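Trainee: To start, I am sharing the structure in question, which I have written as structure tokens.
The values are calculated or read from the model by the stated rules, or taken from the named source; none is laboratory data. None of the values given here were measured: they were computed from a predicted structure. Here the Cβ is made from the backbone with ideal geometry for all residues, glycine too, and neighbour counts use every protein chain on show.
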Amino acid sequence: MTMDKSSPGFPKVRLRRLRKNLAIRQLLQETRISVKDFIYPIFVKEGISAAEESKAMTGVRKFPLSGLIGEVQDCYDLGIRAFVIFGIPSSKDESGSSSFSRHGIVQQSIEFLRSAFGDRIVVISDVCLCQYTLSGHCGILKGSRVDNDQSLNLLAKIALSHANSGSDMVAPSAMMDGQVMAIREALDNSGFTDTIIMGYSAKHASSLYSPFREISDSSPSLGDRKTYQMSFLNHREALREVMLDIQEGADIIMVKPAVPYLDLIRRVREMTNLPLCAFSVSGDYAMIKAASTKDLIDEKQAVHEMLSSIKRAGADIIITYHAKLISQVLNSE
Ligand code: PBG
Ligand code: ZN
């Protein structure tokens with residue numbers, strides 16, 4: 001952008017003219033956000049009979065299979081059309097086998113949603129092992145190390161089982177090298193050439209996932225995730241992660257978390273024409289919740305501003321626990 005000496009300035013130019021009233025401001029609004037931009041995360045828990053409130057995230061519930069349709073219908077009525085399913089299984093083992101079982105909690109959830117809503121909603125499934133392994137790691141262990149290539153086989157199996165249940169889109173979040181390629185191959189070999197892959201391409205080892213781990217009971221029992229999730233200090237490496245996912249066949253790429261990473265969202269936007277998703281994580285939600293509960297900020301306004309900043313940075317779609325709240329805000333505009 002250039003502002004040379006010959007371009008007029010004050011008093012000929014008065015930018016306040018463009019802010020005179022709401023109708024003018026809305027006409028000139030540069031960033032548009034819509035209910036259709038959002039993906040709502042839903043937790044489905046095996047072995048419960050009524051919805052459970054989460055301690056870490058006030059207002060976010062874990063649903064039994066029997067409560068899933070009602071919750072999604074409520075969201076549907078608000079205009080939300082895309083959902084990402086996180087499963088909380090009743091049993092864990094070394095290889096995380098409940099993650100790919102035919103009647104696993106996620107597989108059943110996908111089938112339920114498919115039969116109730118058909119193609120009226122987008123069903124996205126998170127593909128990872130951490131809720132299902134005894135270690136709580138996103139891959140399987142060999143000694144004390146997470147074994148990349150062994151984990152790939154399992155991640156491909158999980159993705160395939162989700163596709164088989166009717167998932168529109170699988171979203172590998174384990175940060176194993178080659179996970180997108182392994183999943184694309186497995187899907188294509190079984191005829192699921194239309195199943196979309198959304199890679200959690202640049203996923204950082206972040207303190208902002210703690211509320212999620214509390215809800216989904218998926219904290220690593222030993223160590224941390226720094227040998228596979230990215231350092232938040234590296235921006236060039238984030239671009240390499242995104243490039244690799246694109247080469248491996250990702251249809252949609254992601255930057256996660258979103259709010260403290262707006263610079264990366266912008267850089268990725270400039271680097272590629274693929275659709276770009278940003279994940280506004282559990283910590284974003286919890287921070288706003290905590291501050292608004294103390295009456296330090298207005299929740300609706302803060303959420304509107306925060307989610308707008310993610311779109312302004314260049315994200316096309318946003319995963320957010322605030323999807324219902326922002327829908328109410330937007331629907332009342
Ligand atoms: C599982 C997964 C995590 C999140 C999404 N998928 C947790 C983690 O990687 O530790 C985080 C979501 C959030 O904090 O909202 N791999
Ligand atoms: Zn994981």
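Trainee: Of the residues Gly314, Gly283, only one is more than 19 Å from Pro172 (Cβ to Cβ), modelled with pLDDT of 95 or more, within 18 Å of the chain's Cα centre (by Cα) and more than 13 Å from ligand 1 (Cβ to nearest atom); which?
Mentor: Numbers: Gly283 fails: more than 13 Å from ligand 1 (Cβ to nearest atom).
On inspection, the qualifying residue turns out to be Gly314.
Trainee: Kindly evaluate Ile24 against the criterion of being over 18 Å from Asn331 (Cβ atoms), surrounded by 11 or more Cβ atoms within 10 Å (Cβ to Cβ) and modelled with pLDDT of 95 or more.
Mentor: Values: over 18 Å from Asn331 (Cβ atoms): yes; surrounded by 11 or more Cβ atoms within 10 Å (Cβ to Cβ): yes; modelled with pLDDT of 95 or more: yes.
Criteria met by Ile24.
Trainee: For residues that are closer than 19 Å to His204 by Cα and not in a loop (DSSP other than H, G, I, E, B), scanning just the stretch 129-147, find the one that is nearest to ligand 2 (Cβ to nearest atom).
Mentor: Val146
Trainee: Which numbered condition in (1) in a helix (DSSP H, G or I); (2) out of contact with any strand residue (DSSP E or B) (no Cβ under 9 Å at 6 or more places or on another chain); (3) not hydrophobic (A, V, I, L, M, F, W, C) is the only one that Thr193 fails?
Mentor: It is condition (1) that Thr193 fails.
Trainee: Mind counting the residues in the stretch 96-127 that are within 16 Å of ligand 1 (Cβ to nearest atom) and of a type in the set (Ser, Thr, Tyr)?
Mentor: Of the residues in the stretch 96-127, 4 are within 16 Å of ligand 1 (Cβ to nearest atom) and of a type in the set (Ser, Thr, Tyr).
Trainee: Please work out which one of (1) within 19 Å of Ile48 (Cα to Cα); (2) surrounded by fewer than 17 Cβ atoms within 10 Å (Cβ to Cβ) is the condition Ile110 fails and give its number.
Mentor: (2) is the only condition that Ile110 fails.
Trainee: In addition: For Asp194, work out the one condition from (1) of a type outside the set (Ser, Thr, Tyr); (2) under 24 Å from Thr320 (Cβ atoms); (3) free of Cβ contacts under 8 Å to residues at least 24 places away in the same chain it doesn't fulfil.
Mentor: Condition not satisfied by Asp194: (2).
Trainee: Answer with yes or no whether Arg102 is of a type in the set (Lys, Arg) and either over 25 Å from Thr193 (Cβ atoms) or not in a helix (DSSP H, G or I) (or both). Quick ask: steps written out before the conclusion?
Mentor: Details: of a type in the set (Lys, Arg): yes; either over 25 Å from Thr193 (Cβ atoms) or not in a helix (DSSP H, G or I) (or both): yes.
Yes, satisfied.
Trainee: Just one of (1) buried (at least 24 other Cβ atoms within 10 Å of the Cβ); (2) over 16 Å from Leu208 (Cα atoms) trips up Leu274, so point out which.
Mentor: Only one criterion is unmet by Leu274, namely (1).
Trainee: For the stretch 255-282, which positions are in a helix (DSSP H, G or I), among the aliphatic types (A, V, I, L, M) and free of Cβ contacts under 8 Å to residues at least 60 places away in the same chain?
Mentor: Passing the criteria: Val259, Leu262, Ile265, Met271.
Trainee: Against the definition (over 21 Å from Val268 (Cα atoms), within 10 Å of ligand 1 (Cβ to nearest atom) and of a type in the set (D, E, K, R)), how does Arg213 come out, yes or no?
Mentor: Numbers: over 21 Å from Val268 (Cα atoms): yes; within 10 Å of ligand 1 (Cβ to nearest atom): yes; of a type in the set (D, E, K, R): yes.
When the stated conditions are applied, Arg213 passes them.
Trainee: From the set of residues in the stretch 157-176 that are touching a Leu at 6+ places or on another chain (Cβ under 9 Å) and within 15 Å of ligand 2 (Cβ to nearest atom), which is farthest from Leu113 (Cα to Cα)?
Mentor: Met176
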